[in-house]
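Presented below is the structure to which this report refers.
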Amino acid sequence: HFALGYLTGKGSSKLLKTKFNLPLLLVASVLPDVDLLLRLQFPYLMHRGPTHSIFTLTVLIIPFFIIYRKKAVPYYAALLSHSLIGDFFTGGIMLFWPLSRDFFNYGNLDVASLPSVIAEIVLFALTLALMLKTKELQSLLKPSKKSMRSSKYSNKRPPWRFLNMLSLKLKVPVFPRV
């Protein structure tokens with residue numbers, strides 16, 4: 001999903017001559033899978049259900065289009081690529097939820113099949129090559145001065161502490177305790 005989100009987001013950004021925030025774009029590319037976390041609290045929620053619907057994704061992005069206009073397009077492209085490309089071919093999605101609870105797919109390709117694995121490797125290689133060429137990979141992995149300097153959080157209270165508190169409620173470890 002990262003590779004598809006990056007490629008579709010970068011492509012739409014280039015077409016519209018807009019910049020994008022790479023970490024945010026990568027988060028958008030996997031956001032529909034939030035249902036995997038939500039299922040811990042709501043077991044009746046199906047994976048590849050409402051969070052993969054083009055209606056749900058469109059409703060979620062509308063405020064961003066209102067505020068950011070064409071700058072929101074790369075993130076929308078990354079969101080849609082998750083469902084319309086990534087999952088549509090590998091098992092199906094509730095494409096038109098809430099209008100339909102039917103799962104739609106094309107080909108029902110097993111994610112562990114040879115064609116699927118080859119496609120993943122090719123997409124990963126293309127993404128890696130493009131990120132290296134544009135120096136976006138180096139930028140993504142390079143520690144910034146802002147993240148390296150001491151902040152208002154001490155070592156006893158890291159900023160992700162709230163995730164550990166959430167993990168206690170959900171009984172699933174998120175980050176190791178510091």
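The values are calculated or read from the model by the stated rules, or taken from the named source; none is laboratory data. Quantities reported herein were computed from a predicted structural model and do not represent experimental measurements. As a convention, Cβ positions derive from the backbone with ideal geometry for all residues, glycine included, and neighbour counts pool all protein chains shown. Please note that ligands, DNA and RNA were not included when accessible areas were found on the heavy atoms of the full protein model with its side chains. Shrake-Rupley method; radii C 1.70, N 1.55, O 1.52, S 1.80 Å.
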Leading residue by the ranking (least open to solvent (accessible area, probe 1.4 Å)) among those in segment 8-52 that are under 27 Å from Leu126 (Cα atoms) and outside any helix (DSSP H, G or I): Thr18
Exclusive hit being under 13 Å from the mean Cα position of the chain (by Cα) and of a type outside the set (Ser, Thr, Tyr), set Leu38, Leu45, Leu60, Leu26: Leu26
Could you list, in sequence order, the residues of segment 68-79 that are crowded, with 24+ Cβ neighbours inside 10 Å and either more than 9 Å from the chain's Cα centre (by Cα) or under 12 Å from Phe20 (Cα atoms) (or both)? Pro74, Tyr75, Ala77, Ala78
Kindly indicate whether Val117 is at pLDDT 90 or above and not polar (S, T, N, Q). no
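Conditions (1) open to solvent by 70 Å² or more (accessible area, probe 1.4 Å); (2) without any contact (Cβ under 8 Å) to a residue 24 or more places away in the chain; (3) polar (S, T, N, Q); (4) under 12 Å from Ile54 (Cβ atoms), marked per residue:
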{"site": "Leu99", "(1), (2), (3), (4)": "yes, no, no, yes"}
{"site": "Phe103", "(1), (2), (3), (4)": "yes, no, no, no"}
{"site": "Asp110", "(1), (2), (3), (4)": "yes, yes, no, no"}
{"site": "Ser116", "(1), (2), (3), (4)": "no, no, yes, no"}
{"site": "Leu128", "(1), (2), (3), (4)": "no, yes, no, no"}
{"site": "Lys133", "(1), (2), (3), (4)": "yes, yes, no, no"}
I want to confirm something. Restricting to segment 80-91 and keeping residues that are of a type outside the set (Phe, Trp, Tyr) and outside any helix (DSSP H, G or I), which single residue is least open to solvent (accessible area, probe 1.4 Å)? Thr90
Looking at segment 50-71 only, could you name the residues that are among the aliphatic types (A, V, I, L, M) and in contact with a strand residue (DSSP E or B) (Cβ under 6 Å, 6 or more places away or on another chain)? none
